[in-house]
Amino acid sequence: MSTSDHPAAPAPAPASFSVSVADVELEADDLDPEQIVSGEPVVTGKVLWESADGKQVRGIWQITPGVVTDVEANELFVVVSGRATVEVEGGGTLEVGPGSACVLREGDRTTWTVHETLRKAYHISY
């Protein structure tokens, strides 16, 4: 059998890694002005890993104080620093702070009241 009779080997998976969430340098991330309810919140973030098909993303995200609205993806996140109140339309009110693990459902309409600059590590599935 020639080598052309064998399918190509899959690309190797990226190496495992570790980062200090508090120390990762974040990049500016656009926030739609229509999402801002009050204040002048600034969003920054860093994608640490994304699946080849773009259906899973892992990273770090930060927002400064203010009030913003959002439509959520299917997300699990853990707050590293800061505090916020997240109101889920038709659902509960979540008080999140350092160490909080939170799950948001795809399509949830939320209002984030950020009391102290909030930094989180997240995993999103699309």
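Rounded if a/c is under 1.5, else prolate if a/b is larger than b/c, else oblate: which is the range 12-58, with a ≥ b ≥ c the root eigenvalues of its Cα gyration tensor?
The shape class here is oblate.
If you take the charge dipole of the chain about its Cα centre, with +1 on Lys and Arg Cβ and -1 on Asp and Glu Cβ, which of 99, 26, 114 is farthest toward its positive end?
Comparing the listed Cα positions along the dipole, 99 ranks first.
Give me the percent relative contact order of the chain, please, defined on Cα pairs under 8 angstrom at least 6 residues apart. List each step's numbers first, then the result.
Values: 285 pairs, mean separation 33.4, N = 126.
Averaging sequence separation for qualifying contacts and normalising by length gives 26 percent for the chain.
Using the C-alpha gyration tensor of the range 49-126, what are the square roots of 5 times its eigenvalues, in whole angstrom, with the largest one first?
Rounded to whole Å, the semi-axes are 20, 15, 10.
Have a look at 84, 15, 73 and tell me which one the Gaussian network model of the chain (Cα, springs below 10 Å) gives the largest fluctuation.
15
Where a number appears in this text, it was derived from the coordinates with a stated rule and is not lab data. In this text the structure is predicted, and so the values were computed from the model without any measurement. Virtual Cβ from ideal backbone geometry, glycine too; neighbours counted across all protein chains shown.
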